[in-house]
Amino acid sequence: MASALVDRLTDACAHLTGRIDDRDAATELDQWQTGDWRTALLDLPLDERAYADRFGIDRAAALEQLWTWWAAPEPDERVSHATTGHLGFFLLTLIAMHRSDRMRYHGETYEGGDIAGRSADDLCRDLVAHPRVQDAIEALYRPADEDTEARDVWDTIDFATMAFHRQGTTSVIVTVDSDTPKAGWATHYALKILIYPYLRLPAIVKATRDYQRDFGGERPEGSPLVTVWASHDSWVLMEFVKGTTLTDHLRTIAKGRRKPKSEIVRPVDIGQLRVLGTALLDAMTALAENVGHHNDLTPSNIIVQVENPTTVKLKLIDLGVNFLHTRTLVGAESRESVYIAPEVKATGKGGHLADLYSVGMVLMAIGGIPHSAPGTVPDQFYVASVGLARLLEDLVDADPSQRLAVSGIDAGRGRFTEIRDLFVCELEVLEAAEKDRPTTRRERLKNLLPGVAAVKRQREIWKVRRRQVKATDEATHPMRAHHLRQARGLKRWAVACALLSWVTLALVLTWWSRDLDLFWQAKWIEYANWLFNRSGQQGIPLLDDIRAADYEIPAAWDNLPVRIVALAYAIPALRLYMNIFADMTPHSAIRRRGWTGVRTAAASFMMRGTAIFPTVYILLPTLVQRRWWVIFSPIGIITVATMISACLWFALDANRRARAWHNGKGLSTVPKRDIMTLQRLESWQPAAWLYALPVVIIGIFLYNDRLQDELMYAIAIALINIGIWTFKNTGSDAPYVRAGLTRAILAAERLDVLEARDEKRKAPQPRADEPVKTAETGAVA
């Protein structure tokens, strides 16, 4: 019966559009009752191919023809007004199904795919505004008489006010008013009506019918949750929310951003994270307290209401698992499936831990950074902020049991309040680190001075960390004290590196000026000579006293090689520490043992050593014996090669252990494939060791007077150091290396916490009647 009805319906449409001559089919439609229309609409094929196979016409072509008939200036006398309205609704159904299919199977955007030269939204808007279509919708979706509660609500709707709002995957959303609202109800609503063929799927019908029970309730004014007034098998009546989706809002913001010179240095949008990110976490706090969980948190299900540039309100809509993600509806993964937790896609069931994943992914989008592989954090966050990257990793781990592991936040109802607190803390750190970013040419030139930018950055980070610790209880937030200690140490090392670099550069330039006979007897030197009882003598006390007897000053030509090499090492050495290592430490709050501890100690020693070694290697030949530069030059290169190897030894092991964790299941935050950012550092290793080999050999020959082209050798080293190490390795490569090493450091830290948790679980638990020794004092409790 159903097949016959839908066949006659399509025959009638073919007749009306001039494809076939079957006047009887069109005439029969006037005899149909509402039940006949429902039966025919339910039997429509769900996808394009099935439609074409069954009716012998491409659905897009049928749409074009039917719209042409509908839009004719003169009414068609072959069908009644009521039938015309139902045919208009049939056309609306086909448009909705066609757009849903194009988005699900072909990856088209919501705005794509014009029909008859107009957008799908335009056609839907015209159809829903037509009184005959409104009458058809009222009749087709009217609840049965025995469903008195839904019927009473339905009868309060003024369908003459109906207007198209938006289309969903399986629904059309319209707005309606009510002249006789129930007590306490609003007068303007959003009505979500299911596309008829999807009513054949029991899971969708049940979810729609239970929507008011699961997510309903009247919400106070200003609540981020939408009031759901009623729901039935085929529709949901809820509060109408003005505003734009977060998807559209972020797209508008993106248009105003400048394209970065390179993706790795794309700045994280701190301002939007402050405004939208905190609003999102506030909204999730309310949702967790009142409903529990969302399970389909994507930017298209978040409505943004902008009050002013610094204040927005967010509304969360379309709660519940999306059937497209659970394969209840077939089709390619939508673009927004990246926001859905893996366990929801795998099992069709969500929960409070699933929302953590979605929140993390939405925060990345708010930060203006394109998504990377599912369950991972984009490299730009590791470059911008270790703390923010750590928090995001703690949210988007593919294994729900490993979420919130490092932060130590309890996964109960108050989880989003704590996440918001931690998120704001990390934003404050990032804002402090970025607040002095140079914007004018003068500021950029000032920041070129050795260590200025890094020292200011580390000092500001330390100040914020110190303020945060003072404002909180260390027992409640133990990790904040640990991060303060790390910040204090990194600040001190940055200051030490800057001071040593200034001293090194000052001495090298001073000695060069003496060689060029530009040296002047400054007052401080006179005072120094007087203090050391050297009145009337020339030169710099102590420093000139340690100079070798055959090391003459001034001797511009003889000393030129050591001066060139000293400067060629000083500049990239400073950039090496400040541009790469100043923000990171491989240590975590949990002490590592065995080879893991050795690797950590080696990497830490070499990272911090890059702040000291260059000064020693440069000043010894500059101050003591100029011929030593041919010895310390290869030593310096070997030291750098060793530093690279030590860092890789640590990082590659951390990534290997992360991938092997949990019987090979691994940490999703560490990509299974090669990590491009770490490959930059890996490419340095063979180059550094190959570079060291000829430098060592030539240095030995020069020191033993077997070679005479000392100046040319010095110039060659300077060109390599400036050309490769200054501009490439410590310049354009620096953000990649920072991202790769930071990802490995956080992976190792994450493994520390998870391993400690597993050990605690496996440890035998004391019997209830046994005394327990406290960890702190060893006293029996």
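The values are calculated or read from the model by the stated rules, or taken from the named source; none is laboratory data. As the structure is a prediction and not an experimental result, all values here were calculated from the model. Virtual Cβ from ideal backbone geometry, glycine too; neighbours counted across all protein chains shown.
Within the option set ASP158, ASP101, being outside the structural domain of PHE323 (by TED's automatic domain parsing), touching a residue at least 40 places away in the same chain (Cβ under 8 Å) and of a type in the set (D, E, K, R) holds for one residue only, ASP101. Restricting the stretch 355-393 to residues that are among the polar types (S, T, N, Q) and surrounded by fewer than 24 Cβ atoms within 10 Å (Cβ to Cβ) leaves a set whose member that is farthest from PRO586 (Cα to Cα) is SER372.
Residues that are more than 18 Å from GLY387 (Cβ to Cβ) and among the polar types (S, T, N, Q) were ranked within the stretch 423-478; the one that is modelled with the lowest pLDDT is ASN447. Where the second residue is of a type in the set (Gly, Ala, Ser) and surrounded by fewer than 22 Cβ atoms within 10 Å (Cβ to Cβ) and the first is part of a strand (DSSP E or B) and lies in the stretch 302-323, which pairs have Cβ atoms under 6 Å and are six or more apart or on separate chains? Pairs that qualify, where the first residue is part of a strand (DSSP E or B) and the partner is of a type in the set (Gly, Ala, Ser) and surrounded by fewer than 22 Cβ atoms within 10 Å (Cβ to Cβ), are ILE303/GLY243; VAL304/GLY243; GLN305/GLY243; VAL312/ALA279; LEU314/ALA279.
Per the listing ALA602, ALA589, the residue uniquely under 18 Å from ARG488 (Cα atoms), in contact with a helix residue (DSSP H, G or I) (Cβ under 8 Å, 6 or more places away or on another chain) and not aromatic (Phe, Trp, Tyr) is ALA589.
Condition check ((1) loosely packed, with under 14 Cβ neighbours inside 10 Å; (2) not in a loop (DSSP other than H, G, I, E, B)) across all residues:
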| site | (1), (2) |
| --- | --- |
| ASP152 | yes, yes |
| THR169 | no, no |
| ILE173 | no, yes |
| PRO197 | no, yes |
| LYS206 | yes, yes |
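Kindly indicate whether any position in the stretch 208-225 is at pLDDT 90 or above and out of contact with any strand residue (DSSP E or B) (no Cβ under 9 Å at 6 or more places or on another chain). Scanning the stretch 208-225 turns up no residue that is at pLDDT 90 or above and out of contact with any strand residue (DSSP E or B) (no Cβ under 9 Å at 6 or more places or on another chain).
Screening the stretch 43-143 for helices (runs of 4 or more DSSP H) wholly inside it with 1 or more residues that are more than 24 Å from LEU199 (Cβ to Cβ) and aromatic (Phe, Trp, Tyr) returns the ranges 59-70.
Selection over the stretch 220-230 of residues that are in a strand (DSSP E or B) and more than 16 Å from HIS188 (Cα to Cα) gives a count of 1. SER80: at pLDDT below 90, out of contact with any Leu (no Cβ under 7 Å at 6 or more places or on another chain), polar (S, T, N, Q) and surrounded by fewer than 22 Cβ atoms within 10 Å (Cβ to Cβ), yes or no? Criteria met by SER80. Flag: THR622 does not match the condition of being of a type in the set (S, T, N, Q) and farther than 20 Å from ALA506 by Cβ.
Going by the structure shown, is ALA405 modelled with pLDDT of 90 or more and in the same structural domain as PRO267 (by TED's automatic domain parsing)? The answer is yes for ALA405. Is there a residue in the stretch 246-264 that is of a type in the set (S, T, N, Q), part of a helix (DSSP H, G or I), touching a residue at least 24 places away in the same chain (Cβ under 8 Å) and closer than 29 Å to VAL383 by Cβ? So far as the stretch 246-264 goes, yes, one or more of its residues are of a type in the set (S, T, N, Q), part of a helix (DSSP H, G or I), touching a residue at least 24 places away in the same chain (Cβ under 8 Å) and closer than 29 Å to VAL383 by Cβ.
If the condition is being under 25 Å from HIS352 (Cβ atoms), within 18 Å of the chain's Cα centre (by Cα) and assigned to a loop (DSSP other than H, G, I, E, B), then the stretch 266-301 contributes ASP296, LEU297, THR298.
Residues are listed down the side, and each one gets a yes or a no for (1) among the polar types (S, T, N, Q); (2) over 21 Å from MET103 (Cα atoms); (3) over 47 Å from the mean Cα position of the chain (by Cα):
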site	(1), (2), (3)
ASP24	no, yes, yes
ASP30	no, yes, yes
GLN33	yes, yes, yes
ARG54	no, yes, no
ASP58	no, no, no
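Selection over the stretch 394-421 of residues that are surrounded by fewer than 24 Cβ atoms within 10 Å (Cβ to Cβ) and touching a Ser or Thr at 6+ places or on another chain (Cβ under 6 Å) gives a count of 2.
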